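No lab work stands behind these numbers, since they all come straight from the coordinates. Since the model is a prediction, treat every value here as computed from it, not as a measurement. Because the Cβ atoms are built from the backbone with ideal geometry, glycine has one as well, and the counts that use them run over all protein chains shown.
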Amino acid sequence: MSKQRLELRNTTNLVLTPQLQQAIRLLQMSSLELSDFLQTELLSNPLLEEQKNNQPNDTPQENNDTPKDPSLLGETPLVNTTTQENLLDLPEHAFDETSNHTENLQDYQNDSPSFDDFNLSSLSKPSSKNTKNFDSDEGPDINLIPDSPSDFRYHILQQFRLLSTQNLHLIIAEHLIDLINDAGWLSHCTLEIAESLGCTHEQVLHVLSLLQTCEPSGIFARDLKECLLIQLKDQNLLNPTFLILLDNLEDIANGNVKKLEKKTGKPLETIKQHVQIIRQLDPKPATLFTQSVADTVIPDIIVFKDSRNRWQVSLNEYSIPKLNVRRNFYSHLKKNVYSQKDKQFISENYQNASWLIKSVEQRNKTMLQVAEHIVKHQQLFFDRGISAIKPMILKEISERTALHESTISRITTNKFMSTPWGTFEMKYFFNVSLDSLNGASNHAATFVKHSIQQMIQQEPPQAILSDDKLMNTLREQGINIARRTITKYREAMNIPSSVVRRRQKNPQI
């Protein structure tokens, strides 16, 4: 019979507190996400306040540099970023990457083809709002909801109010409006929408059919085919030939005229006319309302030359609000609050506010530190442009900064750097190396991809470059690259094959 005994063992475990998890998530946030997150914290924590331009910061900081006007960046000294022990520098497996401060967005994969003629991109599925069940035609009066005249939501609701005045219909319409993506498509299941609203599926479909009559034509479609079909219907052009063509959009994109002739039974000239009309339709009818917002990128880091013609980096401090702890208010509350529950609430909010500010400062220091080493390594890129970009991997910056590779990855994802050659995501500067055939320096994959893209853009319609021809041309330039690598890079850039490009540049229809 085995004996029981007591043993003492020393073990080391990594325990992530909620505050540390929050600090790690801050590393991953873009400027817009961080700004939204801080605004939410300002509303929820009474001990936080936003620092105004002329307001001194009463929170101790290691770096007391005052932010400078971006217009004076040429005179701004390089921010010192010293390597130090970073509590946020944790390996990738230390916490669950899936936890985030926002709901996870699911990419909407549509069965209908998206092709270059319409320049469709991946569409994101917006998160649904919490809704109440309405079993009757009762509910809040949506006509009382204030809207901005320049807002897309306002534009659609104003039209819908002329089509139906029933409160239930208005509630469903408002919910559907909140669910459409930037292109104007509805990517959510109508059955799930009906279930979440507590109404019938028929009621949702009825409201959806009304919304599909609103302008711009084609909005609230559930896929590309329906988007184009609505526009043809609005123009009184819909006929059996168009219906067949809409079922074969991929053949239109690839220029498969023989297939279309067989499927429609129509002569070439008729198909040509119909296809021309389809190509003039708008697959993203809501773009006019959302383009200005979607195209906006706020740089986190600004790269500039100082008065001595040296490259420097500066944090764009205007992209996120700067927060202070309301210390005087905290001291006042401590003296005038007596219940244990209130004291605990004040203490927790004070600790959370202090930790949040420290975490944001650490995030910014880490980003500056990484950006500085990127600029040092890629100095030729900043001098000459993309033709001089060098191979660089996470490990190289990790060794120079003493930060974990996963930290480098997080701090460079969705962070943008403003350079004389444009604004680039910080991850853009990391790329693998391709061997050289003549013994010269190795070539960066980013430069090779750019070269492939340039050659394809400049190819004449009568001499389309196959992947073999692209490989031979690059090898003549001293780049050791395989044909399969050419194919992989081309597909990664969403560039069609030579067969498809030949049909597109030499259209038979």
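The overall shape of region 362-509, judged from the alpha-carbon gyration tensor, is prolate: a/c is not under 1.5, and a/b is greater than b/c.
Between residue 492 and residue 379, the simple label model (points 7 Å from Cα in the Cβ direction) yields a spacing of 2.8 nm.
Ordering 222-228, 233-239 by mean Cβ neighbour count within 10 Å, with the highest value first, yields 222-228, 233-239.
Which distance in Å, rounded to a whole number, links the C-alpha centroids of region 409-434 and region 294-352? Between the Cα centres of region 409-434 and region 294-352 lies a distance of 25 Å. Whole-Hz Karplus values for region 39-46 come out as 5, 5, 5, 4, 6, 8, 10, x Hz, taken residue by residue from phi with 6.51 cos²θ - 1.76 cosθ + 1.60 and θ = phi - 60°; glycine and proline positions read x. Here's the list of lysines a cross-link from residue 365 could span, going by alpha-carbon distance under 28 Å and ignoring same-chain residues fewer than 8 apart: 52, 68, 305, 322, 376, 390, 395, 415, 427. Computed over region 162-260, the Cα gyration tensor eigenvalues convert (square root of 5λ each) into semi-axes of 30, 14, 11 Å, ordered from largest to smallest. Ordered by the count of other Cβ atoms within 10 Å of each Cβ, fewest first, 446, 473, 200 give 200, 473, 446. Could you run the Debye sum over the Cα atoms of region 316-423, one equal point scatterer each and no solvent, and tell me log10 of I(q)/I(0) at q = 0.13, 0.21 Å⁻¹, two decimals? Taking Cα atoms of region 316-423 as identical point scatterers yields -0.66, -1.13. Counted by neighbouring Cβ atoms within 10 Å, the residues 410, 400 run from fewest to most as 400, 410. The value for region 431-505 of Rg(Cα) / (2.2 N^0.38 Å) is 1.08.
The mean of 1/r over all distinct Cα pairs in region 216-315, once inverted, gives the Kirkwood hydrodynamic radius of 16.8 Å. Close amide H contacts of residue 187 (hydrogens built in the peptide plane, cut-off under 5 Å, sequence separation of 5 or more or a different chain): 181.
Can you sort 347, 339 by how many other beta carbons sit within 10 Å, fewest first?
If I rank by nearby Cβ atoms, fewest first, I get 339, 347.
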